[in-house]
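Single-structure report; data block below.
The values are calculated or read from the model by the stated rules, or taken from the named source; none is laboratory data. Only a predicted model underlies this, so the values are computations on that prediction, with no experimental measurement involved. Glycine gets a Cβ as well: all are built from the backbone with ideal geometry, and neighbour counts include every protein chain shown.
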Amino acid sequence: MITRRGVKKKKILAVDDAAIILQRISDILSKDYEVITVNSGSRALRYLETDKPDLILMDIRMTPKDGFETLREIREMDDRADIPVIMLTGVEDKRFVVEGINLGICDYVLKPFASGDLLERIERVFKGEKDAQKLKNGG
């Protein structure tokens, strides 16, 4: 998707089994990003077979396949393992944070989340990628 300024919008895949959360994410992000929503880890994996988003927002607690199980499978996919992931959770539990870090997440966001907080964390991930690319290119 192209913005009015001719710049390609970054694509974000949002994965959550709660329709209200997916709608909220879409409402917050759709002005600045192309948002794809799916309601299960299995559907996220099917989507990733054919398309590669710039970022994944994923709930931890989903059934039948939780966010960690889904992320493990994503990390094993060719040309998908490097997609940045921000985990969403309603529970502040250090075990979840540690497990997420071990799976290479960029950040995690507690639900319910403020729209400004979510946007700031997403922008931080994209800025970090941009800075890393500059360093890689020597400038």
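Taken over region 116-139, residues that are part of a loop (DSSP other than H, G, I, E, B) and either of a type in the set (A, V, I, L, M, F, W, C) or modelled with pLDDT of 85 or more (or both) amount to 0. If the condition is being in a loop (DSSP other than H, G, I, E, B), within 25 Å of residue 52 (Cα to Cα) and more than 15 Å from the chain's Cα centre (by Cα), then region 71-115 contributes 76, 77, 78, 79. Where strands (runs of 3 or more DSSP E) sit wholly within region 6-70, those with at least 3 residues that are among the β-branched types (Val, Ile, Thr), closer than 19 Å to residue 80 by Cα and touching a strand residue (DSSP E or B) at 6+ places or on another chain (Cβ under 7 Å) occupy 34-38. Here region 48-64 is the region considered, the condition is being surrounded by fewer than 17 Cβ atoms within 10 Å (Cβ to Cβ) and more than 15 Å from residue 89 (Cα to Cα), and the residue that is modelled with the lowest pLDDT is 64. Would you mind stating whether residue 31 is out of contact with any Lys or Arg (no Cβ under 7 Å at 6 or more places or on another chain), free of Cβ contacts under 8 Å to residues at least 24 places away in the same chain, closer than 20 Å to residue 120 by Cβ and among the basic types (Lys, Arg)? Yes: the conditions hold for residue 31.
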